[in-house]
1. Give, in nm to one decimal, the length gained when the segment between residue 318 and residue 48 is fully stretched (0.36 nm per residue of separation minus the Cα-Cα distance).
2. Once every DSSP H run of n ≥ 4 in the chain is given -39500 (n - 2.57) and the sum is divided by its residues, what mean residue ellipticity at 222 nm do you get, rounded to the nearest 500 deg cm²/dmol?
3. What accessible area per residue, rounded to a whole number of Å², is obtained for the chain using a probe radius of 1.4 Å?
4. Using a 1.4 Å probe on the protein heavy atoms, what percent of the accessible area of segment 234-339 belongs to carbon and sulfur?
5. Cβ neighbours within 10 Å, averaged per peptide: list 101-114, 62-75, 184-197 in order, most packed at the top.
6. Rounded, prolate or oblate: which fits segment 66-157 when a ≥ b ≥ c are the square roots of the eigenvalues of the alpha-carbon gyration tensor, with rounded for a/c under 1.5 and prolate only if a/b beats b/c?
7. Checking the table 193/226; 47/339; 249/295 against a 18 Å threshold on Cα-Cα, which pairs fail?
8. For residue 70 and residue 194, what does the FRET efficiency come to when R0 = 45 Å and r is the distance between their Cβ atoms, rounded to the nearest 0.05?
Amino acid sequence: MYGSNSGRGLRVTACAAATGAALLIAGCSSDGEDKGEKNPATSQQPKATDPYWVNPDGNAAKQVAGYTKDGDDKNADLIKKIASQPVGEWIGPDSPEEEARGFTEAAAKADRDALLVLYNVPHRDCGQFSKGGASDGNAYREWVDKVAKGIGDRRATVVLEPDALLHLVDGCTPQEFHEERFDLLKGAVERLKQQPATTVYVDAGNAGWQSPDALFEPLQRAGVDKADGFSVNVSNFFPTDMSQEFGKKLSAKVGGKPFVIDTSRNGNGPYTEGDPAENWCNPPGRALGEPPTTKTGDPLVKAYLWVKRPGESDGDCKGGPKAGDWYPEYALELARNAK
């Protein structure tokens with residue numbers, strides 16, 4: 001992924017299990033738009049156009065509170081552009097059942113859907129900035145099972161393993177791990193789909209990294225036929241129209257499956273200056289993209305989502321902290337440049 005033209009920068013760390021469980025205790029799961037009474041920056045969006053849950057305790061909301069306390073209304077208003085939108089909750093490796101339960105219970109109480117991201121496949125990210133993952137296949141299967149149990153019968157949309165397929169196609173993941181990874185992804189789809197209200201999208205890369213011809217067979221082997229569709233542009237910067245064209249070409253090769261597009265940081269497209277091996281990492285001049293919505297105007301595009309959490313670092317490059325940490329200067333730039 002990193003050091004290639006993938007343009008990724010995936011969040012490594014999720015909220016601690018205690019954070020997920022504490023959402024209810026903290027009073028951040030009141031019904032509907034009443035959430036705005038606690039923190040106006042994190043009121044739920046209209047359900048008809050954006051059914052996903054806005055976390056009132058996310059990093060952006062905390063940053064808004066900090067700026068407001070300091071009397072910095074200008075920057076508070078900028079970060080509200082992020083804090084007011086639903087973003088993906090990346091489930092951590094240590095307490096998956098508790099985290100999944102905490103997020104989905106809070107979302108359900110607000111009459112919204114949870115948006116979860118699973119990023120824990122063994123040999124993740126080929127040992128680069130987001131290296132890690134489960135220790136082996138059995139540990140991964142157990143982890144996914146706990147996530148599914150945590151979700152229960154509550155509504156959740158899951159984006160499954162960003163980059164996992166792409167790293168099989170581009171040769172980054174050693175050949176000896178390929179068969180196991182296909183099996184793990186397919187098994188994860190099947191396990192998650194046992195939950196009655198869980199929607200699953202298998203990640204399929206982006207418009208600048210490999211072609212639909214190289215991806216459709218791996219996507220099929222990963223069980224996309226049992227999934228609800230696939231995701232594109234996760235943590236990336238390619239414009240929505242380009243991502244839509246890419247997704248439609250891929251969809252045509254996998255039985256017309258629909259897809260979702262990550263629009264979290266694609267407002268100004270990809271960065272093309274500097275070292276191509278690092279132009280994915282905290283690139284300057286980027287902007288927030290289209291706000292999350294299920295009203296895309298295209299029946300094949302099920303939603304624009306903010307899967308990558310805007311304002312969280314891609315890695316310790318260009319002055320940023322480690323991958324997944326909150327990077328306030330970058331968050332401000334994304335918000336300032338948004339159209």
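The values are calculated or read from the model by the stated rules, or taken from the named source; none is laboratory data. Predicted model, so just to flag it, every value in this text is computed and none were measured. Please note: Cβ atoms are built from the backbone with ideal geometry, for glycine as well, and neighbour counts cover all protein chains shown. In case anyone asks, the SASA skips ligands and DNA or RNA and just uses the protein heavy atoms, side chains included. Shrake-Rupley method; radii C 1.70, N 1.55, O 1.52, S 1.80 Å.
1. Contour length minus Cα-Cα distance gives 93.3 nm.
2. Dividing the helical sum by the residues of the chain leaves -10000 deg cm²/dmol.
3. Ligands and nucleic acids excluded, the result is 37 Å² per residue.
4. 53 percent
5. Values: 101-114: 23.1, 62-75: 15.3, 184-197: 19.0.
Final packing ranking: 101-114, 184-197, 62-75.
6. Details: a/c = 3.20, a/b = 1.52, b/c = 2.10.
It comes out oblate by the Cα gyration axes.
7. Working: 193/226 8 Å; 47/339 23 Å; 249/295 21 Å.
Long pairs (Cα-Cα over 18 Å): 47/339; 249/295.
8. According to the calculation, E is roughly 0.40.
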